[in-house]
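Colleague: Here it is, the structure in full.
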Amino acid sequence: MSVFSKPYFHDEEAAFAFLEDVIWNGKPVCPHCGGMDRITKIKANPEKRIRIGLHRCGDCKGQFTVKVGTVFEHARIPLAKMLQAAYLLTCSKKGISAHQLHRILEVQYKTAWFLAHRIREAMRTGEFVPFGSAGGFVEVDETFIGNDRTIKPKGEKKGRGYHHKHKVMTLVDRELGQARSIVVDDLKAATLAPIVRENLAREARLMTDEAAYYTMVGREFADHKIVEHGKGEYGRGEFHTNTVEGYYSIFKRGMKGVYQHCAKRHLHRYLAEFDFRYNNRSALGVEDQERASRALEGIKGKRLTYRKAC
C-alpha cells in the first residue's frame, strides 16, 4: 500500500468528494449567488453527459461543481490526476519538474506545465502580516538566480557579476519559522527599504549582512544587527543570517537542479512554491498529506488562464 492507493487519487467520484470536503467542509456553496440552503446534488450520468460532482442551486438555478471559482476551473484533465499533481508538488522538497509530471500523470507536457502553475498559484497566500511583531529576529537577505533576458538577451555573453540575473529578496521570521520572498528589480535602498518597512513590525530585530542598503532603514526598528561576511564572520551567537541562507540553499538546489530555467514573469510563483513548503514543513509539524490539503485550500477564489501563465 502507498499514499496513492487512496481512492481519491484514482477514482473521480472519490476525488470530488475529497475536494468538496476540503473546500466546502460538508456544506456546498453556490459560486454564482453564494446560496447554501437550497443546493442539491445531481446524480452523474455519462450517457446523458451529466458530469461527476455536479450540483444545482435552488436560488439562482445555476449548476456548478466544486472546481468553479478555483484555479482548477475549466481544467480538462481528471480531478484525480490534479490531486496527484498537488501531492507530488507539495511533498517534493525541491519541487518536481513539468516533464516529470507529464511522464507520471501521462498527460501532455504543456498540460503538466500549466497544471503546476495552477497549483503554485494556489500556494500564494498573499499574506502581509508583519514579521517580528513579538520582538524576535527577522533575517533579511537577497540572492540571484537565472538570467534576466531583458538585460542580457539570449546568446549574449554574460560575463561576471550579478547584474544580468534575477534578484530575489527573502525575509525569515526566526521565531515563527516563516519565510516571505519577493522578486525585486534592483538592489537599491530606494527599492528594498519600502519592502522591509511593509513586511516588518517596528518591534522586530532586523538581522542582515553588511549591505549598505539596510543601514538607514535598520534604524527604524527595535534593533539592527549586522554580520560582516566580508571579514569572514558568519555569526556571533544568535546574531546570524544562517536561517535565510538555509532557505536559499533549498531554493537554489530546486531551481538549478529541478527546474533549471525560469523566466522573470514566472519567478513569483516559484517563490510562492518554495515559501509554501518552507512555511508548512515537517519541522513545524506539517506532514505531506496535511501540506497537500493546505495547498488545495488555496485554490478558492483564484483563476489562472493559460494566457496569463504564459
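Each reported figure results from applying straightforward, stated rules to the coordinates on display, with no laboratory input. As the structure is a computational prediction, the values presented were derived from the model and not from experiment. Cβ sites come from the backbone with ideal geometry, for glycine too, and all protein chains shown count toward neighbours.
Colleague: Viscosity 1.002 mPa s, temperature 20 °C: what is the translational diffusion coefficient of the chain from Stokes-Einstein with a Kirkwood Rh over Cα pairs, rounded to a whole number of µm²/s? Don't skip to the end; give the middle numbers.
Modeller: On the way: Rh = 21.6 Å.
Stokes-Einstein gives a translational diffusion coefficient of 99 µm²/s.
Colleague: Moving to a separate point now. Just to confirm my numbers, what's the Cα centroid distance between the range 247-308 and the range 227-246 in Å?
Modeller: If you average the Cα positions of each part, the centres end up 26 Å apart.
Colleague: Please work out the FRET efficiency for the pair LYS165 and ASP11, using the Cβ-Cβ distance as r and a Förster radius of 51 Å; give the result to the nearest 0.05. Don't jump to the answer; show the numbers that get you there.
Modeller: Working: r = 46 Å, r/R0 = 0.89.
Rounded to the nearest 0.05, the efficiency is 0.65.
Colleague: What list of ³J(HN,Hα) values in whole Hz, one per residue of the range 15-30 in order, does the Karplus curve 6.51 cos²θ - 1.76 cosθ + 1.60 (θ = phi - 60°) give from phi, with Gly and Pro shown as x?
Modeller: 5, 5, 4, 5, 5, 4, 5, 5, 7, 9, 6, x, 10, x, 10, 6
Colleague: Moving on to the next point. Measure nothing fancy, just the Cα-based angle from helix 288-297's long axis to the longest principal axis of the chain, in degrees from 0 to 90, nearest 10.
Modeller: With rounding to tens, the tilt is 80 degrees.
Colleague: In a shell of Cβ-Cβ distance under 14 Å around GLY235, excluding GLY235 itself, what net charge do Lys and Arg (+1) and Asp and Glu (-1) give?
Modeller: Taking every Cβ under 14 Å from that of GLY235, the sum is -4.
Colleague: Around PHE131, which amide H atoms from residues at least 5 apart in sequence, or from another chain, sit under 5 Å from its own amide H, with H modelled in the peptide plane?
Modeller: The answer is LEU200, ALA201.
Colleague: Calculate the all-directions average of the projected area of the range 164-253's alpha-carbon convex hull, and give it in nm².
Modeller: That works out to 6.3 nm², a quarter of the Cα hull's surface.
Colleague: To continue, here is another question. Using modelled amide H (1.01 Å from N, peptide plane; none on Pro or chain starts), what sits under 5 Å from the amide H of ASP141, excluding residues fewer than 5 places away?
Modeller: Under 5 Å from the amide H of ASP141 lie the amide H atoms of THR170, each far enough along the sequence or on another chain.
Colleague: Taking the Cα centre of each part, how many Å lie between the range 103-133 and the range 1-30?
Modeller: One Cα centre to the other: 19 Å.
Colleague: Quick test of your reading: applying the under-4.7 Å Cβ rule, which cysteines of the chain are isolated?
Modeller: CYS91, CYS262, CYS310 - these cysteines have no disulfide-compatible partner (Cβ-Cβ under 4.7 Å) in the chain.
Colleague: Shifting gears a bit: Does a label point 7 Å from the Cα of GLU127, set along Cα-to-beta-carbon, have any residues of the range 84-110 with amide nitrogen under 18 Å, and which are they?
Modeller: Zone members listed by number: 90.
Colleague: Relative to the longest principal Cα axis of the chain, at what angle does helix 79-91 sit, 0 to 90 degrees, rounded to 10?
Modeller: Approximately 20 degrees, to the nearest ten.
Colleague: Which residues does a label at GLU238 reach in the range 106-134, if reach means a backbone N under 15 Å from a point 7 Å past the Cα toward the Cβ?
Modeller: Residues 132-134 qualify, since their backbone N sits under 15 Å from the label point.
Colleague: Starting from 0.36 nm per residue, how many nanometres of slack lie between ARG51 and MET1 once their C-alpha separation is accounted for?
Modeller: 15.0 nm
Colleague: Picking from ALA193, HIS266, GLN108, whose Cα lies most toward the positive end of the charge dipole for the chain (charges on Cβ: Lys, Arg +1; Asp, Glu -1)?
Modeller: Looking along the dipole axis, the top candidate is GLN108.
Colleague: Same structure again: What is the calculated FRET efficiency for ASN25 to CYS91, with r their C-beta to C-beta distance and R₀ = 25 Å, to the nearest 0.05?
Modeller: After rounding to 0.05, the efficiency reads 0.60.
Colleague: With N set to the number of residues, divide the alpha-carbon radius of gyration of the range 91-147 by 2.2 N^0.38 Å and report two decimals. Walk me through the numbers on the way to the answer.
Modeller: On the way: Rg = 16.9 Å, N = 57, 2.2 N^0.38 = 10.2 Å.
For the range 91-147, the normalised Cα radius of gyration comes out at 1.65.
Colleague: Further question on the same structure: I'd like the Karplus ³J(HN,Hα) series for the range 162-179: coefficients 6.51, -1.76, 1.60, θ = phi - 60°, whole numbers in Hz, and an x wherever there's a Gly or Pro.
Modeller: So the J values, rounded to whole Hz, are 10, 5, 8, 9, 6, 9, 10, 10, 10, 10, 10, 7, 5, 6, 7, x, 10, 10.
Colleague: So if I place +1 on the C-beta of Lys and Arg and -1 on the C-beta of Asp and Glu, and nothing else carries charge, what would the dipole magnitude of the chain be about its Cα centre? I want it in debye, nearest 20.
Modeller: Charge dipole of the chain: 1520 debye, to the nearest 20.
Colleague: For CYS33 and GLN100, what is the calculated FRET efficiency with R₀ set at 35 Å and r taken between the beta-carbons, to the nearest 0.05?
Modeller: Calculated value: 0.30.
Colleague: Checking a compactness column here: for the range 155-310, what do you get for Rg(Cα) / (2.2 N^0.38 Å), N being the number of residues?
Modeller: Values: Rg = 17.4 Å, N = 156, 2.2 N^0.38 = 15.0 Å.
Rounded to two decimals, the normalised Rg is 1.16.
Colleague: Work out Dmax and Rg for the range 1-97 from the C-alpha atoms and quote the Rg first, both in angstrom.
Modeller: 14.7, 46
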